[in-house]
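Only one structure is covered here, and it is reproduced in the block below.
Bear in mind these aren't lab numbers, they're just calculated from the coordinates by the rules spelled out. What you see is a predicted model; the values in this text were computed from it and never measured. When we count neighbours, we look across all protein chains shown, and the Cβ atoms used for this are built from the backbone with ideal geometry, even at glycine.
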Amino acid sequence: MISIGKAGIAFAVLIGTVIVGRAMYGCGSSSRDDEVADLSTRLAQSQHTVEISEGLYGTQLTEMSGLKSLLDSQRAEVRSLIEQLDRSKSELLTTQELAVKWRKAFEGALDTHQTDSGPSPTNPGVVRKRVDFSRDFGPIAVSGHTLTDPPEGEVSVRQTRPLLLTVNVARGRDGKWSSLVTSSEPTMEVGVKLGGVDLGAIPRDHWYQKLWIDLGVAALGDVAGSIGLSYRGDRFSVGASCFGSDASRGCGLTGGVRLFK
């Protein structure tokens, strides 16, 4: 019969390991976040956008904690965003700032039509000339007219269709996060000025949800059974187990490391 004293000692060691590990992780992560905050911000602002194919742009995102530090609180619209996050007690999972601009100036011949527009109000003997013009520059349409004697002109610039940007956050096989942005207009160029992802905003298991009860049985050789309790973290595991058979029994500690992540 297995001794209660041995099992109690093994499980006490396990619980102590869990408590110490959690305390060390909390202190270490807090100081680490403070040390890398400025560096992470600089890295995020220095990322370059690459046009992968026509209308598809990509850049690497910086993984860091506290994405609100990336936001420019000097801008009124950004302050409104931060205030809304604070009011709703929400956390940012990802943040990106896109800069959209024309690839080049819209230039080209206009569709024109000239007509007589009656006598000049300042010189009745002169017939005014009117030139109507128009041109569709992708999502922007320009139209208007000019008059002579005296010179006058009117112009209308309007957007004929919306600019559609599809922003995607993807994680590659190497574990790195990237932003992929598609633009519906080939005449527009997109740049990701800064971007980051905060994995801390994703709910994770509580420490007690990482406790496992391990059961085992040996069917070859001497028949034996085992029972144990282990704590399985992201990279390491630690625990205690007891085994028993007709020939022997005992208790001990277990440990493990995750080979691939």
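In the structure shown, the pairs 68/101; 68/176; 101/129; 176/210; 104/129 are assessed against 28 Å; a Cα-Cα span above that value is assigned to 101/129; 104/129.
Which of the listed residues, 117, 218, 162, is farthest toward the dipole's positive end in the stretch 104-261, when Lys, Arg count +1 and Asp, Glu count -1 at the beta-carbon? Projecting each Cα onto the dipole axis, the largest value belongs to 218.
For the peptides 151-161, 129-139, the ranking by mean Cβ contacts within 10 Å, running from highest to lowest, is 129-139, 151-161. Magnitude of the charge dipole for the stretch 43-169, about its Cα centre and with charges confined to Cβ atoms of Lys, Arg (+1) and Asp, Glu (-1), is about 120 debye.
Rounded to the nearest 20, the size of the Cβ-charge dipole of the stretch 111-159 about its Cα centre is 20 debye, with Lys and Arg at +1 and Asp and Glu at -1.
Of all beta bridges that DSSP places with both ends in the stretch 111-159, some 100 percent have antiparallel geometry. Here the relative contact order of the stretch 111-159, from alpha carbon pairs under 8 Å that lie six or more residues apart, stands at 29 percent. Between residue 100 and residue 147, the FRET efficiency estimated from the beta carbon spacing at R0 = 41 angstrom works out to 0.70.
Here residue 212 and residue 77 are evaluated by their C-beta separation; at R0 = 41 Å the FRET efficiency comes out at 0.30. Using a simple spin-label model with pseudo-atoms 7 Å out from Cα toward Cβ, residue 171 and residue 137 lie 4.3 nm apart.
Where does each of 193, 89 land when they are ranked from fewest to most other beta-carbon atoms within 10 angstrom?
Least to most surrounded, the residues fall as 89, 193.
Exposure proxy ranking for 227, 202, based on other Cβ atoms within 10 angstrom of each Cβ and starting from the fewest, stands as 202, 227.
The H on the amide N of residue 140, modeled in the peptide plane, is under 5 Å from the matching H of 160, each at least 5 residues off or on a different chain. A simple spin-label model places the labels of residue 120 and residue 93 6.7 nm from each other, with each point 7 Å out along Cα-to-Cβ.
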